[in-house]
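Worksheet: one structure, shown below.
The values are calculated or read from the model by the stated rules, or taken from the named source; none is laboratory data. Just so we're clear, the structure is a prediction, and the values are computed from it rather than from any experiment. All Cβ positions, glycine included, derive from the backbone under ideal geometry; neighbour counts span all protein chains shown. Areas reflect the complete protein model, heavy atoms only, side chains present, ligands, DNA and RNA absent. Shrake-Rupley method; radii C 1.70, N 1.55, O 1.52, S 1.80 Å.
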Amino acid sequence: MRKTEQTEPDRSLAAARDHAPQMRDALRQRILADARAALPAPAAARPALGRRWRLEWRWAAPGLAGAACATLAGFWIGAAVPLAPDAPLWALAALDYLDGVALPLMGMVDPLVMEF
Amino acid sequence: MGRPVPDSAEMAQSDLLARFARGDMQAAEELTDMIAPRLLRYAARMLGDPVEAEDIVQETMLRLWRLAPDWQRGQAQPLTWAFRVSSNLCTDRLRRRRGGVPELPEIVDTAPGVDAALMQRARADALEHALMALPERQRQAVVLRHLEGLSNPEIAEIMMVGVEAVESLTARGKRQLAGLLRGQREELGYDDA
């Protein structure tokens, strides 16, 4: 009896494994259709990050440009103030760079006509 | 006992899910072929109804697709997670059935000399019917352990019980199956056992 109790379910389980329900192709197609519908939007369909940023923030461009100019002007005024004799070397170098390279590149030789 | 260590197949499933979340439909196809047939077998045996089982599989996979972008790698394995969702959906369906009494096993052919293939078919059918007569939790444990080949820790995670409880459910389920099949020993060709 014990042997029968051990073997009957095992043999039936083995038979059931051999006769397992098979997935129909129609079900597979339904699952994949759901997957397509749930798929995140492809990256190519969205504008690149830089372009998206420009599109979303273009209204702020004039204001940002003005703020940038004001910042540069403030920096230039601060840097162009006559330096004390014991000014550090890096400050002199920064002023030289501003006068000799940065401002000519921006087309601003003496924007506030201070004639230093 | 702690969470089972993910094997390479489960890691591959997580990778596929991540690829799908990035828009790769090929990954969805591979994942479907890995998981859906197993869910279908499981749900069909839990419900005894292949049409309802298909609904369960489709719903489970849909939830997996929707969850893919937020999938926490390493916290759960897709197959285990899918089995757990299917289990819950099956339980809901079984609860909705009122007074559903499983039919007694039908024997396909009792004539002497029936060939081996038919006998195997008859044994499989008898087992499917006997499974439906088991209490739901025992059926769940027996199907996952003996038909789907999952480990006890995996089953424990799916059923949200301890490993000892799984062992107990599986053992009791098998004993009850033996009792249910005993009455058909002759028809199922078990007299030679």
Could we say that B:Leu104 is assigned to a helix (DSSP H, G or I), modelled with pLDDT under 80, under 19 Å from A:Ala15 (Cβ atoms) and not hydroxyl-bearing (Ser, Thr, Tyr) here? no
Search result, residues across the stretch A:23-41 that are modelled with pLDDT under 90 and surrounded by 10 or more Cβ atoms within 10 Å (Cβ to Cβ): A:Leu39, A:Pro40
Across the stretch B:49-61, the tally of residues that are open to solvent by 30 Å² or more (accessible area, probe 1.4 Å) and of a type in the set (A, V, I, L, M) stands at 1
Options B:Ala76, B:Ala12, B:Ala43; residue that is among the small types (Gly, Ala, Ser), in a helix (DSSP H, G or I) and more than 12 Å from every other protein chain (Cβ to nearest Cβ): B:Ala12
Filter the stretch A:10-37 down to the residues that are over 23 Å from B:Ala171 (Cβ atoms), part of a helix (DSSP H, G or I) and at the interface with chain B (Cβ under 7 Å from one of its Cβ atoms) and list them by number. A:Asp18, A:Leu27, A:Arg28, A:Arg30, A:Ile31, A:Leu32, A:Asp34, A:Ala35, A:Arg36
Output the helices (runs of 4 or more DSSP H) that fall wholly within the stretch B:114-175 and possess 1 or more residues being facing another protein chain (nearest Cβ under 9 Å), touching a residue at least 24 places away in the same chain (Cβ under 8 Å) and crowded, with 20+ Cβ neighbours inside 10 Å, or say none. B:116-133, B:136-142
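Mind listing just one residue for me: the one in the stretch B:20-56 that is among the small types (Gly, Ala, Ser) and under 10 Å from the mean Cα position of the chain (by Cα) and, of those, farthest from B:Trp71 (Cα to Cα)?
B:Ala44
Rundown of residues vs (1) within 14 Å of another protein chain (Cβ to nearest Cβ); (2) modelled with pLDDT of 90 or more, yes/no style:
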residue: B:Thr60; (1), (2): yes, yes
residue: B:Arg63; (1), (2): yes, yes
residue: B:Arg66; (1), (2): yes, yes
residue: B:Thr80; (1), (2): no, yes
residue: B:Ser86; (1), (2): yes, yes
residue: B:Arg96; (1), (2): no, no
